[in-house]
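Each remark here refers to the structure printed beneath this line.
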Amino acid sequence: MPLLPPRARAGGGSLESRLAELTEEVNRRLPELLPAAGERPERVHEAMLYALTSPGKRLRPALALAVAEMFGQRSSAVLDLACAVEMVHACSLIFDDLPAMDNALLRRGRPTVHREFGEDTAQLAGLGLLNRAYAVVASGAQRLATRRYTGEDMIHHLAVAIGSDGLIGGQALDLASGVDDLDLERLEYIHSHKTGALFIAAGELGAMAADARRRDLETVTRYAKNLGLAFQISDDLLDATASVEESGKDVGQDAGKVTFVSLLGVTGAATLADELLDFAVASLAPLGRKADPLRYLAELVQRRGR
(Lines give C-alpha, C1' and ligand atoms only; values in the text may rest on other atoms or scores of the structure.)
Protein backbone atom coordinates (compact mmCIF):
# COMPACT_ATOMS: atom_id res chain seq x y z
CA MET A 1 0.00 0.00 0.00
CA PRO A 2 1.70 3.25 -1.07
CA LEU A 3 2.03 5.97 1.52
CA LEU A 4 0.07 9.08 0.60
CA PRO A 5 0.12 12.59 2.05
CA PRO A 6 -2.79 13.41 4.39
CA ARG A 7 -5.66 14.36 2.07
CA ALA A 8 -7.98 17.30 2.52
CA ARG A 9 -11.36 16.51 4.03
CA ALA A 10 -14.72 18.11 3.52
CA GLY A 11 -15.00 21.38 5.41
CA GLY A 12 -11.28 22.10 5.31
CA GLY A 13 -8.34 20.81 7.28
CA SER A 14 -6.72 17.43 6.76
CA LEU A 15 -7.20 13.84 7.78
CA GLU A 16 -4.12 14.19 9.95
CA SER A 17 -5.50 17.19 11.82
CA ARG A 18 -8.90 15.54 12.23
CA LEU A 19 -7.31 12.44 13.72
CA ALA A 20 -5.42 14.69 16.14
CA GLU A 21 -8.71 16.33 17.10
CA LEU A 22 -10.36 12.97 17.74
CA THR A 23 -7.41 11.83 19.84
CA GLU A 24 -7.55 15.00 21.92
CA GLU A 25 -11.30 14.56 22.47
CA VAL A 26 -10.63 11.07 23.80
CA ASN A 27 -7.80 12.26 26.05
CA ARG A 28 -10.01 14.96 27.57
CA ARG A 29 -12.94 12.64 28.15
CA LEU A 30 -11.19 9.56 29.58
CA PRO A 31 -10.53 10.88 33.14
CA GLU A 32 -14.06 12.31 33.30
CA LEU A 33 -15.52 8.82 32.98
CA LEU A 34 -13.74 7.48 36.06
CA PRO A 35 -14.67 8.00 39.73
CA ALA A 36 -13.62 11.35 41.14
CA ALA A 37 -10.24 11.61 42.84
CA GLY A 38 -10.43 10.72 46.52
CA GLU A 39 -13.39 8.35 46.21
CA ARG A 40 -12.93 4.99 47.90
CA PRO A 41 -11.11 2.77 47.16
CA GLU A 42 -8.65 5.56 46.46
CA ARG A 43 -5.67 3.39 45.54
CA VAL A 44 -7.60 1.33 42.99
CA HIS A 45 -9.07 4.46 41.42
CA GLU A 46 -5.63 6.03 41.24
CA ALA A 47 -4.28 2.94 39.45
CA MET A 48 -7.24 2.97 37.03
CA LEU A 49 -6.52 6.59 36.15
CA TYR A 50 -2.79 5.89 35.81
CA ALA A 51 -3.42 3.04 33.37
CA LEU A 52 -6.14 4.78 31.37
CA THR A 53 -4.45 8.15 30.88
CA SER A 54 -0.90 6.99 30.17
CA PRO A 55 0.39 8.42 26.86
CA GLY A 56 -0.86 6.53 23.83
CA LYS A 57 -1.94 6.93 20.23
CA ARG A 58 -5.60 6.09 21.04
CA LEU A 59 -5.90 4.33 17.70
CA ARG A 60 -8.80 2.10 18.78
CA PRO A 61 -11.09 4.89 20.05
CA ALA A 62 -10.07 7.04 17.06
CA LEU A 63 -11.20 4.18 14.82
CA ALA A 64 -14.59 4.05 16.56
CA LEU A 65 -15.04 7.81 16.23
CA ALA A 66 -13.88 7.91 12.61
CA VAL A 67 -16.30 5.13 11.64
CA ALA A 68 -19.22 6.81 13.40
CA GLU A 69 -18.37 10.16 11.80
CA MET A 70 -18.10 8.49 8.39
CA PHE A 71 -21.74 7.43 8.74
CA GLY A 72 -22.84 10.87 9.95
CA GLN A 73 -22.83 10.47 13.73
CA ARG A 74 -20.96 12.80 16.07
CA SER A 75 -22.09 13.06 19.68
CA SER A 76 -20.91 12.82 23.26
CA ALA A 77 -22.48 9.36 23.45
CA VAL A 78 -20.26 8.12 20.60
CA LEU A 79 -17.23 9.62 22.31
CA ASP A 80 -18.09 7.67 25.45
CA LEU A 81 -18.38 4.41 23.49
CA ALA A 82 -14.96 5.06 21.99
CA CYS A 83 -13.53 5.72 25.45
CA ALA A 84 -15.01 2.44 26.67
CA VAL A 85 -12.92 0.64 24.04
CA GLU A 86 -9.82 2.37 25.40
CA MET A 87 -10.77 1.26 28.93
CA VAL A 88 -10.82 -2.35 27.75
CA HIS A 89 -7.49 -1.85 26.01
CA ALA A 90 -5.95 -0.36 29.16
CA CYS A 91 -7.30 -3.29 31.17
CA SER A 92 -5.72 -5.76 28.75
CA LEU A 93 -2.35 -4.01 29.03
CA ILE A 94 -2.44 -4.20 32.83
CA PHE A 95 -2.95 -7.96 32.73
CA ASP A 96 -0.58 -8.51 29.79
CA ASP A 97 2.23 -6.80 31.73
CA LEU A 98 1.80 -8.82 34.96
CA PRO A 99 4.61 -11.15 36.10
CA ALA A 100 2.41 -14.16 35.30
CA MET A 101 2.17 -12.95 31.69
CA ASP A 102 4.96 -10.84 30.14
CA ASN A 103 6.47 -9.48 33.39
CA ALA A 104 7.03 -6.12 31.69
CA LEU A 105 8.76 -3.21 33.38
CA LEU A 106 7.73 -0.35 31.11
CA ARG A 107 4.57 0.61 29.29
CA ARG A 108 4.27 3.81 27.26
CA GLY A 109 7.45 5.17 28.80
CA ARG A 110 6.31 4.69 32.43
CA PRO A 111 6.55 1.87 34.99
CA THR A 112 3.86 -0.72 34.41
CA VAL A 113 0.84 -0.59 36.72
CA HIS A 114 1.87 -3.57 38.85
CA ARG A 115 5.32 -2.03 39.43
CA GLU A 116 3.78 1.29 40.43
CA PHE A 117 0.89 0.02 42.56
CA GLY A 118 1.57 -3.66 43.28
CA GLU A 119 0.10 -6.75 41.65
CA ASP A 120 -3.00 -6.87 43.83
CA THR A 121 -4.05 -3.30 43.11
CA ALA A 122 -3.16 -3.68 39.42
CA GLN A 123 -5.52 -6.64 39.05
CA LEU A 124 -8.34 -4.81 40.80
CA ALA A 125 -7.73 -1.75 38.62
CA GLY A 126 -7.93 -3.89 35.48
CA LEU A 127 -11.24 -5.39 36.58
CA GLY A 128 -12.46 -1.93 37.52
CA LEU A 129 -11.73 -0.59 34.05
CA LEU A 130 -13.38 -3.58 32.39
CA ASN A 131 -16.59 -3.21 34.36
CA ARG A 132 -16.62 0.54 33.93
CA ALA A 133 -16.38 0.02 30.15
CA TYR A 134 -19.58 -2.04 30.13
CA ALA A 135 -21.40 0.60 32.17
CA VAL A 136 -20.23 3.36 29.81
CA VAL A 137 -21.39 1.42 26.73
CA ALA A 138 -24.80 0.79 28.29
CA SER A 139 -25.23 4.46 29.14
CA GLY A 140 -23.99 5.69 25.77
CA ALA A 141 -26.21 3.28 23.83
CA GLN A 142 -29.26 4.44 25.77
CA ARG A 143 -28.56 8.05 24.80
CA LEU A 144 -28.12 7.15 21.12
CA ALA A 145 -31.43 5.30 20.74
CA THR A 146 -30.53 3.73 17.39
CA ARG A 147 -33.15 1.96 15.24
CA ARG A 148 -31.13 -1.02 14.05
CA TYR A 149 -29.11 -1.82 17.16
CA THR A 150 -29.90 -2.00 20.85
CA GLY A 151 -27.66 -1.37 23.83
CA GLU A 152 -27.64 -5.12 24.33
CA ASP A 153 -26.26 -5.54 20.81
CA MET A 154 -23.39 -3.15 21.53
CA ILE A 155 -22.54 -4.75 24.88
CA HIS A 156 -22.69 -8.19 23.25
CA HIS A 157 -20.22 -7.19 20.52
CA LEU A 158 -17.80 -5.81 23.10
CA ALA A 159 -18.16 -8.88 25.32
CA VAL A 160 -17.45 -11.25 22.42
CA ALA A 161 -14.34 -9.25 21.52
CA ILE A 162 -13.01 -9.62 25.06
CA GLY A 163 -14.08 -13.18 25.80
CA SER A 164 -12.68 -16.64 25.19
CA ASP A 165 -13.45 -16.35 21.48
CA GLY A 166 -11.64 -13.02 21.37
CA LEU A 167 -8.92 -11.30 23.36
CA ILE A 168 -8.86 -13.78 26.25
CA GLY A 169 -8.86 -16.73 23.87
CA GLY A 170 -5.93 -15.33 21.90
CA GLN A 171 -3.95 -14.64 25.06
CA ALA A 172 -4.67 -18.11 26.43
CA LEU A 173 -3.49 -19.82 23.25
CA ASP A 174 -0.41 -17.60 23.20
CA LEU A 175 0.50 -18.65 26.74
CA ALA A 176 -0.11 -22.33 25.96
CA SER A 177 1.93 -22.36 22.75
CA GLY A 178 5.54 -23.42 22.69
CA VAL A 179 8.19 -22.44 20.19
CA ASP A 180 7.98 -25.81 18.47
CA ASP A 181 4.23 -25.82 17.81
CA LEU A 182 3.73 -22.30 16.45
CA ASP A 183 3.38 -21.84 12.71
CA LEU A 184 2.05 -18.89 10.73
CA GLU A 185 -1.56 -20.10 10.77
CA ARG A 186 -1.58 -20.52 14.56
CA LEU A 187 0.20 -17.21 15.08
CA GLU A 188 -2.35 -15.41 12.90
CA TYR A 189 -5.15 -17.02 14.91
CA ILE A 190 -3.63 -15.88 18.20
CA HIS A 191 -3.18 -12.28 17.19
CA SER A 192 -6.36 -11.90 15.17
CA HIS A 193 -8.04 -12.67 18.51
CA LYS A 194 -5.60 -11.19 21.02
CA THR A 195 -5.17 -7.89 19.16
CA GLY A 196 -7.54 -7.86 16.21
CA ALA A 197 -10.74 -8.53 18.16
CA LEU A 198 -10.62 -5.18 19.95
CA PHE A 199 -10.02 -3.33 16.67
CA ILE A 200 -13.10 -5.10 15.30
CA ALA A 201 -15.12 -4.09 18.37
CA ALA A 202 -14.01 -0.47 17.99
CA GLY A 203 -15.08 -0.35 14.36
CA GLU A 204 -18.34 -2.16 15.01
CA LEU A 205 -19.30 0.07 17.93
CA GLY A 206 -18.67 3.14 15.78
CA ALA A 207 -20.84 1.75 12.99
CA MET A 208 -23.60 0.63 15.34
CA ALA A 209 -23.61 3.99 17.12
CA ALA A 210 -24.25 5.62 13.74
CA ASP A 211 -27.04 3.12 12.93
CA ALA A 212 -25.11 1.93 9.85
CA ARG A 213 -26.68 -0.59 7.53
CA ARG A 214 -25.82 -4.23 8.17
CA ARG A 215 -23.79 -4.54 4.99
CA ASP A 216 -21.80 -1.45 5.95
CA LEU A 217 -21.21 -2.93 9.39
CA GLU A 218 -19.80 -6.04 7.69
CA THR A 219 -17.51 -3.84 5.56
CA VAL A 220 -16.16 -2.14 8.67
CA THR A 221 -15.61 -5.53 10.34
CA ARG A 222 -13.51 -6.78 7.41
CA TYR A 223 -11.47 -3.61 7.40
CA ALA A 224 -10.86 -3.64 11.17
CA LYS A 225 -9.89 -7.32 11.21
CA ASN A 226 -7.05 -6.78 8.73
CA LEU A 227 -6.04 -3.46 10.30
CA GLY A 228 -5.73 -5.08 13.74
CA LEU A 229 -3.55 -7.95 12.56
CA ALA A 230 -1.30 -5.55 10.63
CA PHE A 231 -1.01 -3.48 13.80
CA GLN A 232 0.20 -6.54 15.72
CA ILE A 233 2.84 -7.24 13.08
CA SER A 234 4.01 -3.64 13.44
CA ASP A 235 4.35 -4.34 17.18
CA ASP A 236 6.58 -7.31 16.42
CA LEU A 237 8.66 -5.15 14.10
CA LEU A 238 9.04 -2.50 16.80
CA ASP A 239 10.11 -5.10 19.34
CA ALA A 240 12.76 -6.38 16.96
CA THR A 241 14.09 -3.07 15.64
CA ALA A 242 13.21 -0.14 17.93
CA SER A 243 14.91 1.21 21.05
CA VAL A 244 13.19 1.57 24.42
CA GLU A 245 13.01 5.33 23.83
CA GLU A 246 11.34 4.87 20.44
CA SER A 247 8.78 2.29 21.55
CA GLY A 248 8.07 3.54 25.08
CA LYS A 249 8.10 -0.01 26.45
CA ASP A 250 10.43 -2.94 26.97
CA VAL A 251 11.97 -4.17 23.73
CA GLY A 252 13.39 -7.60 23.11
CA GLN A 253 10.48 -9.08 25.10
CA ASP A 254 9.83 -11.42 22.19
CA ALA A 255 13.34 -12.91 22.18
CA GLY A 256 13.00 -16.68 22.21
CA LYS A 257 9.31 -16.46 21.24
CA VAL A 258 7.70 -17.13 17.89
CA THR A 259 6.63 -13.86 16.30
CA PHE A 260 5.87 -12.72 12.78
CA VAL A 261 9.44 -11.41 12.62
CA SER A 262 11.03 -14.67 13.84
CA LEU A 263 8.94 -16.67 11.36
CA LEU A 264 9.20 -14.37 8.35
CA GLY A 265 12.12 -12.06 9.04
CA VAL A 266 11.85 -8.27 9.18
CA THR A 267 11.26 -7.92 5.43
CA GLY A 268 8.77 -10.77 5.28
CA ALA A 269 6.81 -9.47 8.27
CA ALA A 270 6.67 -5.97 6.78
CA THR A 271 5.46 -7.44 3.48
CA LEU A 272 2.69 -9.39 5.22
CA ALA A 273 1.59 -6.26 7.08
CA ASP A 274 1.44 -4.39 3.77
CA GLU A 275 -0.68 -7.14 2.23
CA LEU A 276 -3.12 -7.04 5.15
CA LEU A 277 -3.38 -3.27 4.88
CA ASP A 278 -4.03 -3.62 1.15
CA PHE A 279 -6.90 -5.98 1.97
CA ALA A 280 -8.19 -3.55 4.60
CA VAL A 281 -8.17 -0.61 2.21
CA ALA A 282 -9.65 -2.65 -0.66
CA SER A 283 -12.58 -3.64 1.55
CA LEU A 284 -13.52 0.04 1.86
CA ALA A 285 -14.27 0.42 -1.86
CA PRO A 286 -18.09 0.27 -1.43
CA LEU A 287 -17.90 3.28 0.91
CA GLY A 288 -16.17 5.58 -1.56
CA ARG A 289 -14.31 8.73 -0.56
CA LYS A 290 -16.10 9.06 2.76
CA ALA A 291 -13.88 6.21 4.00
CA ASP A 292 -10.70 8.26 3.45
CA PRO A 293 -10.16 8.68 7.23
CA LEU A 294 -10.01 4.89 7.55
CA ARG A 295 -7.56 4.71 4.66
CA TYR A 296 -5.42 7.24 6.48
CA LEU A 297 -5.49 5.13 9.66
CA ALA A 298 -4.16 2.25 7.58
CA GLU A 299 -1.34 4.49 6.36
CA LEU A 300 -0.45 5.32 9.98
CA VAL A 301 -0.24 1.63 10.86
CA GLN A 302 2.00 1.08 7.84
CA ARG A 303 4.38 3.82 8.96
CA ARG A 304 4.54 2.41 12.47
CA GLY A 305 7.73 0.48 13.10
CA ARG A 306 9.25 1.26 9.68
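The values are calculated or read from the model by the stated rules, or taken from the named source; none is laboratory data. Quick caveat: nothing in here was measured; it's all calculated off a predicted structure. Note that we place each Cβ from the backbone using ideal geometry, even for glycine, and neighbour counts take in every protein chain shown. All accessible areas refer to the heavy atoms of the entire protein, side chains included, with ligands and DNA or RNA removed. Shrake-Rupley method; radii C 1.70, N 1.55, O 1.52, S 1.80 Å.
Okay, here's what the table says:
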item	result
FRET efficiency, residue 282 to residue 40 (Cβ-Cβ, R0 35 Å, nearest 0.05)	0.10
Accessible heavy-atom area order of 74, 222, 18, highest first, probe of 1.4 Å	74, 222, 18
Surface accessible to a 1.4 Å probe, per residue, for the residues of the chain, Å²	44
Cα-Cα pairs of segment 10-132 separated by more than 17 Å (percent)	57
Three-way shape call for segment 42-195 based on the alpha-carbon gyration tensor, with the a/c threshold at 1.5	oblate
Cα-based shape type of segment 108-195, given that a ≥ b ≥ c are square roots of the gyration tensor eigenvalues and the cut on a/c is 1.5	oblate
Alpha carbon centroid spacing (whole Å) that separates segment 89-112 from segment 198-234	25
Radius 13 Å from Cβ of residue 80, net charge of other residues (Lys, Arg +1; Asp, Glu -1)	+2
Surrounding net charge for residue 186, when Lys and Arg each add one and Asp and Glu each subtract one, Cβ distance under 14 Å	-4
Sum of side-chain charges, residue 136 neighbourhood, beta-carbon under 12 Å (Lys, Arg +1; Asp, Glu -1)	0
Once the Cα gyration tensor of the chain is diagonalised, semi-axes √(5λ) in Å	27, 26, 18
Axial C-alpha extent at least 18 Å, average Kyte-Doolittle at least 0.5 - helices from the chain (DSSP)	76-97, 196-209, 260-282
Theoretical gain in end-to-end length, residue 110 to residue 183 [0.36 nm per residue, Cα-Cα removed]	23.0 nm
Candidates 31, 293, 61: whichever shows maximal mean-square fluctuation once the chain is modelled as a Gaussian network with Cα springs under 10 Å	31
Modelled FRET efficiency - R0 30 Å, residue 152 with residue 76, Cβ distances, 0.05 increments	0.90
Under-24-angstrom lysine pairs by C-alpha in the chain, whenever the two are 8 or more apart or on separate chains	10
Pair residue 289, residue 214: separation of 7 Å Cα→Cβ label points (nm)	3.1
Residue with peak Gaussian network fluctuation, the chain [Cα springs, cutoff 10 Å], from 172, 68, 270	172
